[in-house]
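S.K.: Before we start, here is the structure in question, set down as structure tokens.
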Amino acid sequence: MSPRNAIEVSGLDKSFGRFKALDELDLTVRTGEVTGFLGPNGSGKSTTIRVLLGLLRADSGSVRLLGGDPWKEAVTLHRRLAYVPGDVSLWPDLTGGQAIDLLGRLRGGLDARRRREFLERFELDPTKKARTYSKGNRQKVALVAALASTAELLILDEPTSGLDPLMEAVFTDCVREVKEAGRTVLLSSHILSEVEKLCDTVTIIRGGRTVESGTLSDLRHLTRSTVRAEVDADATALKDLAGVHDLTIDGATVTFAVEHDHMGTVLHELTALGVRSLVSNPPSLEELFLRHYGDELTTVDGAGNKGKRS
Amino acid sequence: MSAFTGTGTLIRFALFRDRLRLAIWVVVLAGLTAVSVPTLDEMFSDPAERQARAALMDSPTGIVFGGPGYGLDDYTLGPMLVNEMTMSLLMAMAVMSVLHMVRHTRAEEESGRAELLRAGVLGASAQTAAALITLALAHLLIGGLIAASMVAFDLPVPDSIAYGLGLALAGISFGAIAAVCAQVSEHGRSAAGLAFLVIGLLFMFRVVGDIAEQGGNVWSWLSPFAWLQQARPFDDLRWEPLALYGVCVLVLFVVTYALARRRDVGAGLVAARPGPAGAGRLLRGVFTLHLNQQRGAIVAWAVAVLAFGYAFGSLTTEVAEMLDSAPELAAILGGDADDLVDGFLAVLTTYVVMAASAYGTLSVLRAWSEENAGRAELLLSTAVGRVHWFGSALAVAALATALILVSGGLGLGLGASVALEDAGWTWRTVESSLSQLPAALVFGALAALLLGIAPRLLPLIWLWFGYSLVATMLGGLFEFPEEFMNLSAFEILARPPMEAFETAPFLLYLGAVLLAGALSLSGFRDRDLVTA
């Protein structure tokens, strides 16, 4: 029986010498869901994944993977998961097909029909030696090996970083199918549109700390929509309203960002000014992301406190 | 010529990149020689001692590591230097040449850096030319410094210059051989392996020729190892043999140029063919994977060591003959003919042990490169435990070491059996080589221990390995004190067939090796994996 959460990490610390790679990191992946794991380079995504795989030992904090301890029970737990590293390195003189079979066998079996199916979908030639593969093709080898397995948990570390847009689309379809089959996915990524398309929940980390986590709508709730309107009257008064930011007035056109909690009052004021047209854009994940990594966010801790850290 | 456009820039670049590397080679090689001149002079100060030493150099072991033996009749400082130093210098220069050439040609292509350069204004043969020219500069500097140190010791100027120049030219020829090998093979590592194999064969040509006939026969003349001493510096100097180096370099460079024009950047001459679409039944575990990865190398080493053993083993007839015709030699060397055959085979067995331990260490270090490349991470993310993965790597390394050891012993034994017409030798030399098993395994075991506990200290392995090689090969010559000799891993056990096998030290040594292996497994289990 699977536990409710496939991955439960809380207060995870990991240092390399004097460098603190992970600092009180929290991460929860619910069974049967796709969780996005976002963060810039060097923020600790791969380190977290390696702790989850029992390749690195946690300094402190609790880490549960599929109900077990990833360091002590690595071998048993690994039968139930499949991993695609961010930078796939293969044995230069083995063919892609040999590598896929080897990884499958070491994991405890591979479905030949699915192997064939995914080779076709990813248009991968399994007879080529790995040394002749490009980065994208090496990634496809690891993806085919992972997707063709029957593992209940897939851990994917930036799996599309070498794929072209067509293959990215194939990958997106594959992950949707995996989810429909009730399997769990942890997807670390830079590509926000991918995470937006695929993920039920998102965890954003920075500098080894979790700064935001929740469902996409949870996170959007915390942020601002951009509003653009044409009004008859002078809109300067909007500036003094609570929750309104970055107000610009260009003739009759007024543009501003508004915190969702204040949307009602702001709309009320706007109506009073005589609205001729109104466009409101919900925040994209890009904006969420920029809020955490952009220059604007000097107060990361403030943002973090608004998040669901517990 | 457009094929060489940009060579000048690349030369400056290579000199800049390798300023430290080349400086170390120059300082070490020239410095060691400069130090050896007075050392040898003092060590053999009286003429009787010198002639006794000359007699030793006329023995088969002396010929193998000395040369054809010009100037032995009047063994003054000049001939002594030529006979005692040349082979070690040439071997060191060969290593330097191969590493330098491969580093600046094939390894650059393999890494993709050559592509970046070749996309600029750069001729197809510019990299090879630049590598060879920088190598030539370094060798000429070494040769010049060595000649100068000889002249400084009042040795004749023309002979000193001929000797220094000959050394440099030989070094450049080894570089030209490596340049051809770098064209043929697609990978830096296999290009270097191929070059070392060719150079090893050329060394054997000289040994076979020099032993078969006083002053060498046609086999010797096929080898660049011979030409320097055939110029007879400090004996009866003739310059013509040195011209052979020029011809050799020129021919090899033209071959390299022709090969480079015929192929694509990054490609070898042998195109990669498609392989199997799936893994065979054998490739189902990490042990078979390790084996699969090293299959070619293990077979190549075993065959090379077997051939080496056979070639040298069959020289035992010459050993016996030489002693029959010169009984006084046996008296000088202290012992009868049988003892000398035993001694000769014991020395050769030690060389087999060195080869086997070198492979064993390299094999263990492969696990380290697998870890650094991220392939260990991929495997360990499957249901493979760490002890299983690392233990399999160690098992493959140990088995390969034992296999190479036995093939060397077998080769020696077969050669000796044929030469002495006594089949009993076959088993005896296999037994002798197996009696050194712990010494062959110890470097691999220590490499494993460091890998498991403190991988950053891994380079220390080569320090001890290098020391053990030098102490065992040259310790006798330079009369190392007993306690320094005992620091060599190859001096710890008795050396059959010269000495009697002793069980207790063998078991103790083997126990230490196994303990190191066990500790390395527990260390590897408990440490963080090194990740990219």
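The values are calculated or read from the model by the stated rules, or taken from the named source; none is laboratory data. Since the structure is predicted, the reported quantities are computational estimates derived from the model, not experimental observations. Note that each Cβ is placed from the backbone with ideal geometry, even for glycine, and that neighbours are counted across all protein chains shown. Note: accessible area is taken over every heavy atom of the protein model, side chains too, but ligands, DNA and RNA are not part of it. Shrake-Rupley method; radii C 1.70, N 1.55, O 1.52, S 1.80 Å.
S.K.: Rounded to the nearest percent, how much of the accessible area of region B:285-532 (1.4 Å probe, protein heavy atoms only) is carbon and sulfur? Walk me through the numbers on the way to the answer.
M.R.: Numbers: 6950 of 10050 Å².
Percent of accessible area from carbon and sulfur atoms in region B:285-532: 69.
S.K.: Taking the DSSP beta bridges in the protein assembly as shown as the whole, what percent of them are antiparallel, to the nearest 5? Spell out each step's value before the answer.
M.R.: On the way: 39 of 57 bridges.
Antiparallel bridges: around 70 percent, rounded to the nearest 5.
S.K.: Hey, what do the phi angles of region B:30-42 turn into as Karplus ³J(HN,Hα) couplings, whole Hz, using 6.51/-1.76/1.60 and θ = phi - 60°, x for Gly and Pro?
M.R.: Result, rounded to whole Hz: 5, x, 4, 5, 4, 6, 5, 4, x, 4, 5, 4, 6.
S.K.: So for chain B, what are the equivalent ellipsoid semi-axes in whole Å, largest first, each being the square root of 5 times an eigenvalue of the Cα gyration tensor? Working shown, then result.
M.R.: Details: eigenvalues 276, 222, 88 Å².
Working from the Cα gyration tensor, I get semi-axes of 37, 33, 21 Å.
S.K.: Name the residue, out of A:Ala58, A:Ala148, A:Ala257, whose mean-square fluctuation peaks in a Gaussian network model built on chain A with Cα pairs under 10 Å.
M.R.: A:Ala257
S.K.: Arrange the residues A:Ile7, B:Ile24 by how much accessible surface each exposes, largest first, with a 1.4 angstrom probe.
M.R.: B:Ile24, A:Ile7
S.K.: Within 10 Å, count the other beta carbons around each residue, average over each peptide in B:308-315, B:27-34, and list them highest first. Can you show the working numbers first?
M.R.: Working: B:308-315: 23.4, B:27-34: 17.1.
By packing density, highest mean first, the sequence is B:308-315, B:27-34.
S.K.: Over region B:472-532, what per residue volume does the convex hull of the Cα atoms give, in whole Å³?
M.R.: Working: hull volume 9.3 nm³, N = 61.
Measuring per residue, one finds 153 Å³ for the Cα hull of region B:472-532.
S.K.: Leaving out ligands, DNA and RNA, and with a 1.4 Å probe, what % of the accessible surface on region B:1-269 is carbon or sulfur?
M.R.: Working: 7460 of 11070 Å².
Accessible surface attributable to carbon and sulfur in region B:1-269 totals 67 percent.
S.K.: Mind jotting down the three principal axis lengths of region B:46-183 based on Cα atoms? Whole angstrom, largest first.
M.R.: Computed over the Cα atoms, the extents are 65, 31, 15 Å.
S.K.: Still on this model: In Å², and per residue, what accessible area does the protein assembly as shown have when probed at 1.4 Å with the other protein chains present?
M.R.: Working: 35950 Å² over 842 residues.
Result: 43 Å² of accessible area for each residue.
S.K.: Accessible area drop of at least 50 Å² (1.4 Å probe, protein heavy atoms): which residues of region B:489-532 qualify, relative to the chain alone?
M.R.: Buried on complex formation: B:Asp528.
S.K.: Using only alpha carbon positions, build the gyration tensor of region A:224-282, then give the equivalent ellipsoid semi-axes as the square roots of 5 times its eigenvalues, largest first, whole angstrom. Mind showing how you got there, number by number?
M.R.: Working: eigenvalues 48, 26, 24 Å².
For region A:224-282, the ellipsoid semi-axes come out as 16, 11, 11 Å.
S.K.: How big is the Cα convex hull of region B:1-269 in projection, averaged over all directions, in nm²?
M.R.: On the way: hull surface 55.2 nm².
Value for region B:1-269: 13.8 nm².
S.K.: Let me ask you something else. List the aspartates and glutamates whose alpha-carbon lies under 19 Å from that of A:Lys20, not counting same-chain residues fewer than 8 positions away?
M.R.: Within the straight-line cut-off, A:Lys20 pairs with A:Asp59, A:Asp301, B:Asp528.
S.K.: Moving to a separate point now. Collect residues whose amide H, placed 1.01 Å from N in the peptide plane, falls under 5 Å from the amide H of A:Arg30; neighbours closer than 5 in sequence don't count.
M.R.: Answer set, sorted by chain and number: A:Ala6.
S.K.: Accessible area drop of at least 40 Å² (1.4 Å probe, protein heavy atoms): which residues of region A:74-89 qualify, relative to the chain alone?
M.R.: Buried on complex formation: A:Val75, A:His78, A:Tyr83, A:Ser89.
S.K.: Work out the charge dipole of region A:1-70 with +1 on the Cβ of Lys and Arg and -1 on the Cβ of Asp and Glu about the Cα centre, then indicate which of A:Leu27, A:Asn41, A:Asn5 is farthest towards its positive end.
M.R.: With unit charges placed on the Cβ atoms, the residue in question is A:Asn41.
S.K.: Any chance you could get the radius of gyration and Dmax over the Cα atoms of region A:2-142, in Å?
M.R.: Rg then Dmax for region A:2-142, in Å: 16.9, 49.
S.K.: Could I ask something else about it? Convert 20 °C to kelvin, take the viscosity as 1.002 mPa s, use the Kirkwood radius over C-alpha pairs of chain A as Rh, and evaluate the Stokes-Einstein diffusion coefficient in µm²/s, rounded to a whole number.
M.R.: Working: Rh = 21.4 Å.
Here the translational diffusion coefficient equals 100 µm²/s.
S.K.: Got a sec to turn the phi values of region B:248-262 into Karplus ³J(HN,Hα) couplings, 6.51 cos²θ - 1.76 cosθ + 1.60 with θ = phi - 60°, whole Hz, x for Gly and Pro?
M.R.: Whole-Hz 3J(HN,Hα) from phi for region B:248-262: 4, 4, 4, 4, 5, 5, 5, 4, 4, 4, 5, 5, 5, 6, 8.
S.K.: Quick check for me: using +1 on Lys/Arg Cβ and -1 on Asp/Glu Cβ, what's the dipole size of the protein assembly as shown about its Cα centre, in debye to the nearest 20? Display every interim value, and only then the final one.
M.R.: Values: 69 positive and 88 negative charges, 629 e Å.
With Lys and Arg at +1 and Asp and Glu at -1, about 3020 debye.
S.K.: Would you please report the Å³ per residue occupied by the convex hull of the alpha carbon atoms in the protein assembly as shown?
M.R.: Working: hull volume 174.3 nm³, N = 842.
Cα convex hull per residue, to the nearest whole number: 207 Å³.
S.K.: Separate question: Rounded to the nearest 100 Å², what is the buried accessible area between B and A, both sides summed, probe 1.4 Å?
M.R.: Working: alone 24000 and 15170 Å², together 35950 Å².
For B against A, buried area totals roughly 3200 Å².
S.K.: Quick one: of A:Lys197/A:Lys239; A:Lys140/A:Lys197; A:Lys14/A:Lys135; A:Lys129/A:Lys197; A:Lys72/A:Lys197; A:Lys45/A:Lys128, which pairs are farther than 26 Å apart, Cα to Cα?
M.R.: On the way: A:Lys197/A:Lys239 35 Å; A:Lys140/A:Lys197 20 Å; A:Lys14/A:Lys135 29 Å; A:Lys129/A:Lys197 34 Å; A:Lys72/A:Lys197 35 Å; A:Lys45/A:Lys128 31 Å.
Over 26 Å apart, Cα to Cα: A:Lys197/A:Lys239; A:Lys14/A:Lys135; A:Lys129/A:Lys197; A:Lys72/A:Lys197; A:Lys45/A:Lys128.
S.K.: Go through region B:365-384 and flag every residue whose accessible area shrinks by 50 Å² or more with all protein chains in place compared to the isolated chain (probe 1.4 Å).
M.R.: With the partner chains in place, region B:365-384 has these residues losing at least 50 Å²: B:Arg375, B:Glu377, B:Leu378, B:Ser381, B:Thr382, B:Ala383.
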